[in-house]
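A short write-up of the structure that comes next.
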Amino acid sequence: MVKINRMFVIQLIRRLEEKFRIEKDFLDKLDTEIGDGDHGTNMELSFVEMRQVLTQTNKEDFGSILKNMGDTFLRVGGGIGTFLYGSSLNEASKKLSGKAKLDMKDFKQILKDMGEEIKELGEVETGQKTMYDVLDAAVQNLFSHQENNKISHLEVLENMISAADYAMLETKNMIAKKGRASYFGEKTLGHIDPGAYSMYLILLTIYEFYKDEMISDLLKTSNY
């Protein structure tokens, strides 16, 4: 079984750092079309710093881990996207004080709490071409499996990614209603929202890393 602890998070952030290094230019391009043009850069820099902070901090409880992650976004990032990521992580951290390991129920609650904070702070609803479109789709999908014990955690995450991917692509068909992008009005049609894309990349990386760790654990316990 995959153990979701401090070391898991540090390795996951390393993977996120690599993902956003690869995607930075494309994400900046998306943001240039309807924003400030630096969302990819801000995300990569945040994850680089975040890994260093968590590596140097010995606290094992997820209240502290998520608080450090959130504070890093707020300190390093320079845009509304990183502000919302940071603030929502800080809000989610409040329920995790003293917890050194997480399970799927905790993961669902973290995303739910983050979504509620982003919705409140950003004063957003679904359909307004923001990161919230993707996060809400993911949360709704995750909680639709809440009572289904026949489906594996990996399948739950696979379904979550399908929902997130669809929601991310759907932002291309929306007119931005919030943030700097809203100044562009109908010109935002045909463009994927950069915040929606970064949220999708985070969720995708979580799924990919969890899958890789699961395969690694299976290989360790096999006879081959």
Handout entry: Dipole moment magnitude, nearest 20 debye, the chain about Cα centre, only Lys, Arg, Asp, Glu C-beta charged
Key = 560 debye
Practice task
Counting only C-alpha contacts under 8 Å and six or more residues apart, can you give the relative contact order of segment 78-224 as a whole percent?
Solution key: 21 percent
Completion exercise
Candidates for Rg/Rh (Cα atoms, Kirkwood Rh) are [x] 0.96; [y] 0.93; [z] 1.04, and the calculated one carries label [x]
Exercise for the section: Would you kindly state how much longer the chain becomes between M214 and L189 on full extension, computed as 0.36 nm times their sequence separation minus their alpha carbon distance, in nm to one decimal? Expected result: 5.1 nm
Problem - Folded to 0 to 90 degrees: helix 194-221 orientation relative to the chain principal axis, Cα - result: 20 degrees
Practice task
Check each of the GluC sites (Glu not before Pro) in segment 36-133 and keep only those in coil by DSSP with at most 13 other C-beta atoms within 10 angstrom; list them in order.
Solution key: E123, E125
Completion exercise
Computed over the chain: longest principal axis from alpha-carbon atoms vs helix 80-93 long axis, angle to nearest 10 degrees, is 30 degrees
Completion exercise
L169 neighbourhood, Cβ < 11 Å, K/R = +1, D/E = -1, net charge -3
Handout entry: Compactness relative to 2.2 N^0.38 Å, alpha carbon Rg of segment 21-69
Key = 1.44
Completion exercise
For the chain, the longest principal axis of the Cα atoms and the Cα long axis of helix 6-34 enclose an angle in degrees, to the nearest 10, of 10 degrees
Completion exercise
Low-density loop trypsin sites (Lys or Arg not before Pro), segment 107-173, at most 15 other Cβ within 10 Å, DSSP non-H/G/I/E/B, are K150
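The numbers here are math on the coordinates, done by the rules we state, and not lab data. The shown structure was predicted, so the numbers you read here are calculated from the model rather than taken from an experiment. In this analysis, Cβ positions are derived from the backbone assuming ideal geometry, glycine residues included, and neighbour counts consider all displayed protein chains.
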